[in-house]
Amino acid sequence: MSWVTIIWSMTASACLTMGALNLLVWSKQRTAWANLLFSVAAFGAAAFAYFELSMLRAQTPAEYGAALRWGHVAIWFMAVSVVVFLRLYLHAGRLWLAWAACGLRTLALLLNFMSGQNINYLEIDSLIQIPLFGESVAIAHGVHNPYTWVPQASSFLTLVFGVDATITVWRRGEHRKALVVGGGLVLFQVIAFAESLLVIRGIVRAPITLSLPFLGLVIAMGYELSREVLSAAQTARELRESEARMSLAVGAANLGLWIRDFTRNEIWASDKWRRLFDFAPSEHLTFDRVLQRVHPEDREVVERVMAEAKAGTGRYEMDFRLSLPNGEVRWIASRGGVEFDAEGKALRARGVSRDITANKKSEQESRLLRQEIAHAGRVSLMGQLASALAHEISQPLGAILRNAEAADLFMQHASPDLDEIRAILADIRADDKRAGMVIDRMRALLKRNELNARPLAVDEFVADVVSLTQADALARRVKLNADISSGLPRVWGDRVHLQQVLLNLIVNGMDALEGSSRPDRQIDVAARLNDARMVEIAVTDTGRGIPVDALPRVFDPFYTTKPAGMGIGLSVSRTIIEAHGGRIWADNDPRGGATFRFTLPLAEEAPPS
């Protein structure tokens, strides 16, 4: 049994196997340059093992010289790929050292074919047989090439480059990589450099066996790359598990996923997303085709939001309707973001979509219910004011009757006083308008309507409510004052709903004064511009105030401090004010009584949505 043949054949086979595996990795992932360089180094080591075995088995000086000459080609591939591997994989090592080592190695390869039998010997005159592993192998004897220093200098610079890279990686804190890759490569480079120097110079009488330390180099490099392959496999498994969990979560949340590629103008979508938009599983998707599914009234909004996200905001969030081929209208909530390259160009958009049709229907039903409750509240308030309003209407009607009777008497004269009759008719018209205004205000408040916000003058809608409640205030012996700051900007709101809130607060204030013996039974309505640039309206009474423990609950539904109250008015008022983008709250006045305040946004700062 020839142990020499077995050892060198196994060395070559091991290098070829590892090189082939990493070449396969690179073929699947063309950016894995470290795997390609390792493959080149492993193939170089396998080739040199073959030439080295040929030298050990050589029968003539010519055979030995030829094998050594071509062996330097394998060494060139091995040495250059190792240097580049270190540079790319470790991201360390001085660049000039790498260029110098590779340059000298290339020069040595050229001199290898241009001077003597090879770069080591000008001429090999004989072969000497020495024992190795129980058999005889050949070593060369001849005239040394004066250029032998060139490959040795290259090996030395490669060693220095490896040490420099290892130190840099260690200082970076990557100790394991520094020890395994850098330390391993440096160790086997030292062995190879020392052996080649001693053998070629004739200091040690031994055969050239550089393929064995080269195998150590390959093993050190392969071990680290194998760890990365295993780590990548583990990452892939975790990613698959994560994707499975995400798919489960997405399915449970009833979400559809989609990705839009701006370069190819294509859209990938999950099966759930396709079902939401009523597309077939294999149907080719583009943004224009998806846009055709969007309700005509919402297409412009969808295009604008996506264009803004693509132009630089990077995020989008919108609700829109779909008009499906079967006539169904479906509400969709879509959220996502846009990815950009290093130059800021939009590459792709990712997002999720969810069917919110049921939510929209619930919101519509809730809105209708709130409107009904608000309308009921207005009817209830008008019921409380009915007596006072009837008195206010009866006054102009009685005046109209008396003026009509007086005019009839004047007309019975043979020569009636026409000027007096004209004055009577003017009084009748004025009283008619007065009664009509009271009725119009009542009809506006009793009307069942949706929230219709628009710019409003604060003094106008406050004056209407004060005028409507003035008669009831007089009947209850309450003084009603209005103090509106001059020059207040217009607010954004619905006139009828805001009048309902103010009317409710004033009536509540008058209710709070029932049974009070204070001489200053009054309610003050004030409006001003606060520090947050919102109009703040306050209704203050001089009653008993609100119990401290009741303050946090006065706006809760069905909570009331009145014996016959329903607890709806203040809850509805809070809903109305918050729908306007404002806030409502209550506190006790230090002088006695309670103050209810609410804020409204300015018209120029709260445009219609």
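Structure notes:
- Residue within segment 477-485 that is in contact (Cβ under 8 Å) with a residue 60 or more places away in the chain and assigned by TED's automatic domain parsing to the domain that holds VAL554 present: no
- Residue check for GLY173: within 56 Å of the chain's Cα centre (by Cα), surrounded by fewer than 16 Cβ atoms within 10 Å (Cβ to Cβ) and farther than 21 Å from PHE38 by Cα: yes
- Flag for THR168 being modelled with pLDDT under 85 and either not in a helix (DSSP H, G or I) or not hydrophobic (A, V, I, L, M, F, W, C) (or both): no
- Comparison of SER136, SER196 shows that the only residue that is small (Gly, Ala, Ser) and surrounded by fewer than 18 Cβ atoms within 10 Å (Cβ to Cβ) is SER136.
- Scanning segment 12-41 for residues that are assigned to a helix (DSSP H, G or I) and of a type in the set (D, E, K, R) yields one hit, LYS28.
- Residue check, SER247 out of contact with any helix residue (DSSP H, G or I) (no Cβ under 8 Å at 6 or more places or on another chain), surrounded by 12 or more Cβ atoms within 10 Å (Cβ to Cβ) and modelled with pLDDT under 70: yes
- Top-ranked residue of segment 340-353 - restricted to ones that are in contact (Cβ under 8 Å) with a residue 24 or more places away in the chain and surrounded by fewer than 19 Cβ atoms within 10 Å (Cβ to Cβ), ranked as nearest to GLU308 (Cα to Cα): ALA346
- Residue-level check: of (1) at pLDDT 75 or above; (2) surrounded by fewer than 17 Cβ atoms within 10 Å (Cβ to Cβ); (3) in contact with a Ser or Thr (Cβ under 9 Å, 6 or more places away or on another chain), ILE373 misses just (1).
- Residue within segment 147-155 that is of a type in the set (Val, Ile, Thr) and surrounded by fewer than 18 Cβ atoms within 10 Å (Cβ to Cβ) present: no
- Qualifying positions in segment 149-186 - without any contact (Cβ under 8 Å) to a residue 12 or more places away in the chain and aromatic (Phe, Trp, Tyr): TRP149
- When the residues of segment 160-170 are filtered to those that are crowded, with 20+ Cβ neighbours inside 10 Å and aliphatic (A, V, I, L, M), the one that is farthest from VAL82 (Cα to Cα) is VAL169.
The values are calculated or read from the model by the stated rules, or taken from the named source; none is laboratory data. The structure presented is a predicted model; accordingly, all values stated were derived computationally and were not measured. Neighbour counts are summed over all protein chains in view; Cβ atoms, including those assigned to glycine, are modelled from backbone coordinates with ideal geometry.
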